[in-house]
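Structure record follows, encoded as structure tokens.
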Amino acid sequence: MRRALARLQGWRSTSGRFVLLHLALSLACTLPILLFVYLQIDRVLIDDFARPLEFRQSNLEKHLAEGGLRGLKIAVDSRAARAHRDQTAILLVDPQGRKVAGNLRVWPQGLKAPQDWTPASLHREGEPAPEEFLVRTTRLSSGHRLLLGGLLDNRADVHRALLLALAAAFALAVPVGLLGSLAIVREMNRMVAAITRVAADVGAGDLRRRAETDGSSDPVDRLKISLNAMLDRIEALVGEHRVLTDALAHDLRSPLTRIHIQVARGQEAGAGADPTPRFQAIGQEVEYVLHILEGALEISRAEAGIGRGSFERLDLATMLRDLGEIYEPVARSAGVTIAVEAPARLELSGDRALLARALANLLDNALKYGASGGHVSLQALSAENEAHLCVADRAAGIPVDRRAEALRKFGRLDSARSTPGSGLGLTLVKAVASLHGGRLELEDNHPGLRARLTLPLGFQPSPSPSS
């Protein structure tokens, strides 16, 4: 036990405070129980003493009813004569308080009449010292007062035994409560140590480390489940960050290399060469680099939940019709028709600019990779408290086993590598959907591809992190 106390590292530690709190609560529960037991046993003891006295009281009332005050006086004197044998205290006084009969000299001070059974200290005639009696007093219709009491000869012994037993129980409760609290603290420390080891391993770089759960669904098990979910998310974000870093390095290497080549050739060309074409080429490459960086930044901000502070009520149906009108000339020049199907209004809370950018990305992809189908449809509808925004084409589509690759940062399928792009369009749409509590799904359009953006109509965002 001494070693267990030493592990608490002083009573000011969390474990020490918990032990003291648990011990205090244990004692706070024990004391009322012990007091209740004491009072209940004393009440039972008083009831046992009062039972034979009730019979004597009724006997005296019978004599009063049959023989009046004279008959009652005879009964009191008779009871007083054998008082030492049945341990009785009895006294009858007139309305002025003068003794009529009994074995007490005077009426006890402070004792009222009538009064139900109550302990009182009385000094009987012929006894050397006062004794404790259980007493009841009665006031008769004539004004006389009658006192009847029975000796509580063993009540003090019972009280002493009770107090000794209760003190022993209380003394036992202290070490039991202390040992119980130490056992609980030890178990708590064991569970905390398991979580601490996981956190230490993750901090050391092992992102695959997880806390073992037992399926009990108790608070500690739920904490471990939440911790594992957080670690899964951290591992995924770190993995995405690694992929993003590698992809950025890969995708930026080519334009930066071309910029370097243009600068080197410009230096070799001499002062007489026209630099305009080279500046134009460099400007295009810089614009491409900025486009990649801007897309990656928007995705990172959306994935971090930044932007929810700018949410407002907006009409998705109107947004979809506006995009159809904006892209109609571009689609017509590519030989593609655009059909928009939307209700009169479809409102939700969201970031207008990000949702417009996401839908524009889906429409860009449909016109870029699905133009061969000759038709692109934009559809908005609501079902089961969700808004469904669909952009579909009638081209070749994406195989089911390649759709996850298409949603990955800088993920570009082989068929799209000859087309200008950064591979961030669908990733941005996915991040915007997550920011709004929704999801992005790629489906078959039979033929073609349907990109479905599902957003909850009643989504209430939590406060967004500061940017």
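The values are calculated or read from the model by the stated rules, or taken from the named source; none is laboratory data. Model, not experiment: these values are computed from the prediction. Note that each Cβ is placed from the backbone with ideal geometry, even for glycine, and that neighbours are counted across all protein chains shown. SASA here: full protein model, heavy atoms, side chains in, ligands and nucleic acids out. Shrake-Rupley method; radii C 1.70, N 1.55, O 1.52, S 1.80 Å.
Annotation: amide H-H contacts under 5 Å for Ala387 (H modelled 1.01 Å from N, sequence separation of 5 or more, or interchain): Leu455, Leu457. How high is the FRET efficiency from Glu66 to Thr118, r the C-beta distance, R0 35 Å, rounded to 0.05? Step by step, r from the Cβ atoms, then E = 0.75.
Here the 3J(HN,Hα) profile of the stretch 67-76, calculated from phi with Karplus coefficients 6.51, -1.76 and 1.60 at θ = phi - 60°, is x, x, 5, 5, x, 5, 4, 5, 5, 5 Hz, Gly and Pro shown as x. Spatial offset of the stretch 39-53 relative to the stretch 377-401 amounts to 85 Å, using the alpha carbon center of each. Sequence-ordered 3J(HN,Hα) estimates for the stretch 254-263 from the Karplus curve with 6.51, -1.76 and 1.60 and θ = phi - 60° stand at 5, x, 5, 5, 5, 4, 4, 5, 4, 5 Hz, glycine and proline given as x. Once backbone amide H atoms are built at 1.01 Å from N, Leu348 has Leu314, Leu316 as its partners under 5 Å, excluding neighbours fewer than 5 places away on the same chain. Only protein heavy atoms count here; on that basis, with a 1.4 Å probe, His159 has an accessible area of about 40 Å². The HN-Hα couplings worked out from phi for the stretch 207-213 by the Karplus form 6.51 cos²θ - 1.76 cosθ + 1.60 (θ = phi - 60°) are 6, 8, 5, 9, 7, 7, 10 Hz, whole numbers, x standing for Gly and Pro. In this calculation the C-beta distance from Leu207 to Arg402 is compared with R0 = 35 Å, giving a FRET efficiency of 0.80. Residues whose amide H comes within less than 5 Å of that of Glu341, counting only those at least five positions distant or on another chain, are Leu378, Gln379, Ala380 (H built at 1.01 Å from N in the peptide plane). Here each label is just a point 7 Å from Cα along the line to Cβ, and for Ile261 and His241 those points are 3.4 nm apart. Mind listing which GluC sites (Glu not before Pro) in the stretch 132-234 are in a DSSP loop and have 16 or fewer other Cβ atoms within 10 Å? Here the sparse-neighbourhood loop sites are Glu212.
Taking 0.36 nm per intervening residue step and subtracting the Cα-Cα distance, what contour gain separates Cys29 from Ser216 on full extension? Could you put the intermediate results ahead of the total?
On the way: separation 187, 0.36 × 187 = 67.32 nm, distance 2.90 nm.
Stretched out fully, the Cys29 to Ser216 stretch lengthens by 64.4 nm.
If R0 is 56 Å, the Cβ-Cβ spacing of Leu179 and Ser58 corresponds to a FRET efficiency of close to 0.55.
Take the Cα of Ile326, step 7 Å toward its Cβ, do the same at Glu443, and the gap between the two points is 2.5 nm.
So between Asn154 and Phe279, what do we pick up on full extension, going 0.36 nm a residue minus the alpha carbon distance? Write down the numbers at each step before the final one.
Values: separation 125, 0.36 × 125 = 45.00 nm, distance 11.53 nm.
Taking Asn154 through Phe279 to full extension adds about 33.5 nm, to one decimal.
Residues Ser181, Ser142, sorted by accessible area with the largest first, give Ser142, Ser181 [1.4 Å probe; ligands and nucleic acids excluded].
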